[in-house]
1. Given the conditions (1) more than 20 Å from residue 172 (Cα to Cα); (2) of a type outside the set (D, E, K, R); (3) touching a Lys or Arg at 6+ places or on another chain (Cβ under 8 Å), report the number of the one that residue 201 does not fulfil.
2. Is at least one residue of the stretch 239-249 surrounded by 15 or more Cβ atoms within 10 Å (Cβ to Cβ), touching a Gly at 6+ places or on another chain (Cβ under 9 Å) and not in a helix (DSSP H, G or I)?
3. Read through the list (1) touching a residue at least 24 places away in the same chain (Cβ under 8 Å); (2) under 28 Å from residue 33 (Cα atoms), then give the number of the only condition that residue 171 fails.
4. All but one of (1) surrounded by 14 or more Cβ atoms within 10 Å (Cβ to Cβ); (2) touching a residue at least 12 places away in the same chain (Cβ under 8 Å); (3) touching a strand residue (DSSP E or B) at 6+ places or on another chain (Cβ under 9 Å); (4) farther than 13 Å from residue 162 by Cα hold for residue 226; state the number of the condition that does not hold.
5. Could you please find all residues in the stretch 35-51 being surrounded by 15 or more Cβ atoms within 10 Å (Cβ to Cβ) and more than 17 Å from residue 168 (Cα to Cα)?
6. For the stretch 138-214, give me every one of the strands (runs of 3 or more DSSP E) that falls completely inside it and has 3 or more residues that are open to solvent by 70 Å² or more (accessible area, probe 1.4 Å) and either closer than 20 Å to residue 256 by Cβ or modelled with pLDDT of 85 or more (or both).
7. Go through (1) modelled with pLDDT of 80 or more; (2) surrounded by 13 or more Cβ atoms within 10 Å (Cβ to Cβ) for residue 32 and report which single condition fails.
8. What residue, among those in the stretch 42-83 that are among the aromatic types (Phe, Trp, Tyr) and within 23 Å of residue 24 (Cβ to Cβ), is nearest to the chain's Cα centre (by Cα)?
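The values are calculated or read from the model by the stated rules, or taken from the named source; none is laboratory data. These numbers were taken from a predicted model, which means no experiment stands behind them. When we count neighbours, we look across all protein chains shown, and the Cβ atoms used for this are built from the backbone with ideal geometry, even at glycine. Calculation scope for accessible area: heavy atoms of the full protein, side chains included, ligands and nucleic acids excluded. Shrake-Rupley method; radii C 1.70, N 1.55, O 1.52, S 1.80 Å.
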Amino acid sequence: MPAAQEPDRQLLPAIVEPHLHATVESDRALLERILSNFIANAIRFTEAGCILVGARRRGKMLDIEVWDTGCGIPADQLELIFEEFHQVGAQPTQRQRGLGLGLNIAYRVAELLGHRLGVRSKVGKGSVFSVSVPLGNVWQSDIGEPEISERVGGEFLGINVLVIEDNELLRQTICLLLERWGVLVFEASDGVRAVALVEDGLVPDLVLADYRLPHELSGMDVLARLRTLVRPDLPGIIATADTEPELIARIRQDGVPVLIKPISPARLRSAMHHLLYEQRRDPITDERR
């Protein structure tokens, strides 16, 4: 609601009386991730009109839909919008310029859950994004949350990882990936907040930090500060989109692995395993290992 009520918007509130009673088979937290990304995307591209979230039965499925009255998507881009870093055509306002990760996050979560995503749109009229979820039976449901994570042998189960990244969508992407591995994720948008979390009692097992952070602090600066608060050998990984050889070499000389954005899940898993379980035997120096 705060995002939809910015001063330069003319979005009308819409209240829909719930006449549909349905139970679905899904994961509550991850289904919410999909819908929150759909809604955030709708708000970003809708200057006036309304945004509507609704649901309808289709056979044994329930289609949950997010309608908007935004700028719409050209037909030749409909098959591309769920790709990582894809941005729709010309985006005239600063608010509409994103990294193109929100819909990709929704797509990957839907794949994990086995749900089908849909989209239809008309340029200048608006768009409808939907997720199709199987109907369930509340009387036959298990108590508690379904287990849908891809934890591998419990390798990272219960590990505390502090993620420091100022870009919200990038931070959301990496946090989602780590959660799927069973990691207990703590996040901060800058180094000041990260230090405050640790000073308030958080004890991370590993830090994953962007190199370029707000307040003229680098990820290495923040990692050094956290090591004084936690322990000198606190494991850390630096992520950066900067491929300058001198910068990367300088970070690695300090014994900290560097991952180039967009982060490869396989390389992240390898680096985490090495730092958490093998570092004392063979310090990691190359992201390709």
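1. The number of the failed condition is (3).
2. Taking the stretch 239-249 first, the residues surrounded by 15 or more Cβ atoms within 10 Å (Cβ to Cβ) are 239-240, 247-248.
Right, trim to touching a Gly at 6+ places or on another chain (Cβ under 9 Å) and you get 239-240.
Narrowing further to those that are not in a helix (DSSP H, G or I): 239-240.
Checked against the condition, which is being surrounded by 15 or more Cβ atoms within 10 Å (Cβ to Cβ), touching a Gly at 6+ places or on another chain (Cβ under 9 Å) and not in a helix (DSSP H, G or I), the stretch 239-249 yields at least one hit.
3. Among (1) touching a residue at least 24 places away in the same chain (Cβ under 8 Å); (2) under 28 Å from residue 33 (Cα atoms), the lone unmet condition for residue 171 is (1).
4. Against the list (1) surrounded by 14 or more Cβ atoms within 10 Å (Cβ to Cβ); (2) touching a residue at least 12 places away in the same chain (Cβ under 8 Å); (3) touching a strand residue (DSSP E or B) at 6+ places or on another chain (Cβ under 9 Å); (4) farther than 13 Å from residue 162 by Cα, residue 226 comes up short only on (4).
5. Within the stretch 35-51, 45, 46, 47, 49, 50, 51 qualify.
6. Working: elements: 160-164, 184-188, 206-210.
Here the list reads 184-188.
7. Failed condition: (2).
8. Within the stretch 42-83, the first condition is being among the aromatic types (Phe, Trp, Tyr), and the residues that meet it are 45, 67, 82.
From the residues that got through so far, the ones that are within 23 Å of residue 24 (Cβ to Cβ) too are 67, 82.
Numbers: 67: 22, 82: 14 Å.
For the stretch 42-83, the residue satisfying everything is 82.
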